[in-house]
Amino acid sequence: MDYKSLIREIPDFPKPGILFYDITTLLKDSKGFQQVIQDFTDHYQNERISKVVAIESRGFIFGGPLACNLNAGFVLVRKPGKLPADVFEVKYNLEYGSTSLAIHRDAVQIGERVLVVDDLLATGGTAAATVHLLSQLGAEIVGCAFLVELLALRGRDKLEGCSIHSLLSYP
């Protein structure tokens with residue numbers, strides 16, 4: 001499927017010089033959205049994934065249905081203060097500051113095979129922080145799956161050693 005034809009490009013958002021790729025137009029297309037989930041499912045169906053770990057918030061859109069298709073559990077990685085039980089947290093740097101992500105300490109067991117899912121791989125900081133959280137909990141990271149990858153931002157470089165699967169990429 002030509003996913004790029006279903007993604008709206010918005011120039012100068014959120015600031016001048018930025019070209020924003022709006023996936024809401026793909027999500028509202030029932031066939032397009034279903035095909036995304038099916039393509040991810042096909043790619044990982046034989047990987048014995050025990051948990052799909054989705055990154056807040058757009059990763060949740062893809063992670064839930066994918067977890068169901070893979071007969072796997074679904075784990076949320078969230079911003080601080082959003083999870084009610086005991087959490088493990090990691091701070092990481094952004095382009096203009098720092099932030100952190102949290103996961104429940106009991107979300108994954110040592111040795112569980114997990115797949116990280118998000119909508120976008122840009123600079124790689126958020127995905128790398130998530131992989132770090134999961135590694136600290138003892139998970140085996142099978143890979144990282146993204147709908148879109150922005151190649152020029154070299155996010156893959158921060159995920160060295162992690163198998164990456166992106167359904168589409170932009171230069």
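Numbers for the structure displayed
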{"read-out": "Among (1) loosely packed, with under 11 Cβ neighbours inside 10 Å; (2) under 29 Å from T41 (Cα atoms); (3) free of Cβ contacts under 8 Å to residues at least 24 places away in the same chain - the single one L83 does not satisfy", "value": "(1)"}
{"read-out": "Residue check for K91: modelled with pLDDT under 95 and in contact with an Asp or Glu (Cβ under 8 Å, 6 or more places away or on another chain)", "value": "no"}
{"read-out": "Condition check for V108: over 15 Å from the mean Cα position of the chain (by Cα) and crowded, with 18+ Cβ neighbours inside 10 Å", "value": "yes"}
{"read-out": "Some residue of segment 115-123 being modelled with pLDDT of 95 or more, more than 24 Å from R8 (Cα to Cα) and either of a type outside the set (D, E) or surrounded by 16 or more Cβ atoms within 10 Å (Cβ to Cβ) (or both)", "value": "yes"}
{"read-out": "Residues that are surrounded by 15 or more Cβ atoms within 10 Å (Cβ to Cβ) and more than 11 Å from V117 (Cβ to Cβ), drawn from segment 44-71", "value": "S50, E56, N69"}
{"read-out": "Verdict on Y3 being surrounded by 12 or more Cβ atoms within 10 Å (Cβ to Cβ) and at pLDDT below 95", "value": "no"}
{"read-out": "Residue tally, condition more than 14 Å from the chain's Cα centre (by Cα) and either in a strand (DSSP E or B) or of a type in the set (S, T, N, Q) (or both), over segment 129-153", "value": "3"}
{"read-out": "Members of segment 17-38 found to be surrounded by fewer than 16 Cβ atoms within 10 Å (Cβ to Cβ) and either at pLDDT below 95 or touching a strand residue (DSSP E or B) at 6+ places or on another chain (Cβ under 8 Å) (or both), listed by number", "value": "G17, I18, L19, F20, D22, T24, T25"}
{"read-out": "Unmet criterion (only one of (1) in a helix (DSSP H, G or I); (2) in contact with a helix residue (DSSP H, G or I) (Cβ under 8 Å, 6 or more places away or on another chain)) for R156", "value": "(2)"}
{"read-out": "Extreme residue, surrounded by the fewest Cβ atoms within 10 Å (Cβ to Cβ), among residues of segment 145-157 that are touching a Ser or Thr at 6+ places or on another chain (Cβ under 7 Å) and closer than 18 Å to L134 by Cβ", "value": "G155"}
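Condition check ((1) touching a residue at least 24 places away in the same chain (Cβ under 8 Å); (2) under 22 Å from M1 (Cα atoms)) across all residues:
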| residue | (1), (2) |
| --- | --- |
| K79 | no, no |
| Y92 | yes, no |
| V108 | yes, no |
| V117 | yes, yes |
| L120 | yes, yes |
| L133 | yes, no |
| L159 | yes, no |
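The values are calculated or read from the model by the stated rules, or taken from the named source; none is laboratory data. Keep in mind that this is a model prediction, so the values were computed, not measured. Note: ideal-geometry Cβ built from the backbone for every residue, glycine included; neighbour counts use all protein chains shown.
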